[in-house]
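A quick write-up on the structure given underneath.
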Amino acid sequence: MKIIVTSIFVQDQDKALEFYSEKLGFVKKHDVPMGKFRWITLVSPEDHDGTELLLEPNEHPAAKEYQKKILAEGIPATM
């Protein structure tokens, strides 16, 4: 079994892309316009065919509520 894509909810796709690529060293694999957002995936520089991180816009109400509650509890989360 292999995980192909996993989502990371982000507030701002451009800022997240900058952080994950410039600070953490991931490499952009896909950047496809999709309405007001984009399908942006990143991969490890050591494994271009490995698991892709999808920078998914945090637009779903349940995701926003989860993020607020987890951060209010002082639990660090990458969203």
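What the table below lists for this structure:
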| item | result |
| --- | --- |
| Net charge of Cβ neighbours under 13 Å - reference GLU56; Lys, Arg +1; Asp, Glu -1 | -1 |
| Theoretical gain in end-to-end length, THR51 to LYS29 [0.36 nm per residue, Cα-Cα removed] | 6.8 nm |
| Cα-based equivalent ellipsoid of region 5-72: semi-axis lengths in Å, sorted from largest, via gyration tensor | 22, 14, 11 |
| Between helix 61-72 and the chain: long-axis angle, C-alpha atoms, 0 to 90°, nearest 10 | 70 degrees |
| Residues with amide H under 5 Å from that of TRP39, placed H, sequence gap 5 or more | VAL32, MET34 |
| Environment charge of LYS29, counting only residues whose C-beta is closer than 13 Å and scoring Lys/Arg +1, Asp/Glu -1 | -2 |
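Here, each number is a calculation from the coordinates, and none is a lab measurement. The structure presented is a predicted model; accordingly, all values stated were derived computationally and were not measured. Here Cβ is always computed from backbone atoms with ideal geometry, including for glycine, and neighbour counts include all displayed protein chains.
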